[in-house]
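Undergrad: Please see the structure below; I have some questions.
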Amino acid sequence: QVQLVESGGGLVQAGGSLRLSCAASGRTFSSYAMGWFRQAPGKEREFVAAISVTGKSTDYADSVKGRFIISRDNAKNTVYLQMNSLKVEDTAVYYCGARRFTVASVPGEYPYWGQGTQVAVSS
């Protein structure tokens, strides 16, 4: 089992940047694929990015490709989401999820979740 804690959210102007972090507990972090998802008010949770256990493979939603970068540091049990060129429509609560071994882009495939961190982008 793994416990996740997100941080780094906040209020930023459109065009700005934020870096989210997700710290994981446990000794087996390197065996978990990690994903970032977001949920805006009144909308379903949607896929943002995912990274493989080694960090060599990544996947992004079309809406964030070229602007967001997912990375991980297995020595620090942490996954990051660097968000650049932020848009108003990126406003949401951002969640990190963990699942054993293989990446996925469907929220239901992730059994472990953090509590979320709010990102608000103003125009």
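The values are calculated or read from the model by the stated rules, or taken from the named source; none is laboratory data. Note that this is a predicted model, so its numbers are computed, not measured. No Cβ is skipped: glycine too gets one built from the backbone with ideal geometry, and neighbour counts run over all protein chains shown. With ligands, DNA and RNA removed, areas are computed over all heavy atoms of the protein, side chains included. Shrake-Rupley method; radii C 1.70, N 1.55, O 1.52, S 1.80 Å.
Residue-by-condition table, conditions (1) over 17 Å from residue 5 (Cβ atoms); (2) open to solvent by 40 Å² or more (accessible area, probe 1.4 Å); (3) of a type in the set (A, V, I, L, M, F, W, C):
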site: 42; (1), (2), (3): yes, yes, no
site: 60; (1), (2), (3): yes, yes, no
site: 71; (1), (2), (3): yes, yes, no
site: 82; (1), (2), (3): yes, yes, no
site: 93; (1), (2), (3): no, no, yes
site: 101; (1), (2), (3): yes, yes, yes
site: 105; (1), (2), (3): yes, yes, no
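Undergrad: Whether any residue in segment 110-123 is out of contact with any helix residue (DSSP H, G or I) (no Cβ under 8 Å at 6 or more places or on another chain), of a type in the set (S, T, N, Q) and open to solvent by 60 Å² or more (accessible area, probe 1.4 Å) is what I want to check. Full working, then the answer.
TA: Step one: of segment 110-123, the residues out of contact with any helix residue (DSSP H, G or I) (no Cβ under 8 Å at 6 or more places or on another chain) are 110-118, 120.
Pick out the ones that are also of a type in the set (S, T, N, Q) and you get 115, 117-118.
Checking which are open to solvent by 60 Å² or more (accessible area, probe 1.4 Å) leaves us with 115, 118.
Yes.
Undergrad: For residues in segment 1-40 being of a type in the set (Lys, Arg) and either open to solvent by less than 40 Å² (accessible area, probe 1.4 Å) or free of Cβ contacts under 8 Å to residues at least 60 places away in the same chain (or both), which is nearest to residue 67 (Cα to Cα)? So that I can check it myself, show each step before the final result.
TA: If we filter segment 1-40 for residues that are of a type in the set (Lys, Arg), which is where we start, we get 19, 27, 38.
From the residues that got through so far, the ones that are either open to solvent by less than 40 Å² (accessible area, probe 1.4 Å) or free of Cβ contacts under 8 Å to residues at least 60 places away in the same chain (or both) too are 27, 38.
Working: 27: 31, 38: 15 Å.
Per the criteria, the residue is 38.
Undergrad: Please specify each residue of segment 56-108 satisfying the condition of being free of Cβ contacts under 8 Å to residues at least 60 places away in the same chain and among the hydroxyl-bearing types (Ser, Thr, Tyr).
TA: Selection gives 57, 58, 60, 63, 71, 78, 91.
Undergrad: Farther than 15 Å from residue 84 by Cα, among the basic types (Lys, Arg) and either part of a strand (DSSP E or B) or at pLDDT 95 or above (or both) - does that describe any residue in segment 48-68? Before you say what the answer is, go through the steps one by one.
TA: Residues of segment 48-68 farther than 15 Å from residue 84 by Cα: 50-59.
Narrowing the set further to residues that are among the basic types (Lys, Arg) leaves 56.
Now drop any that are not either part of a strand (DSSP E or B) or at pLDDT 95 or above (or both), which leaves 56.
Yes, that holds for at least one residue.
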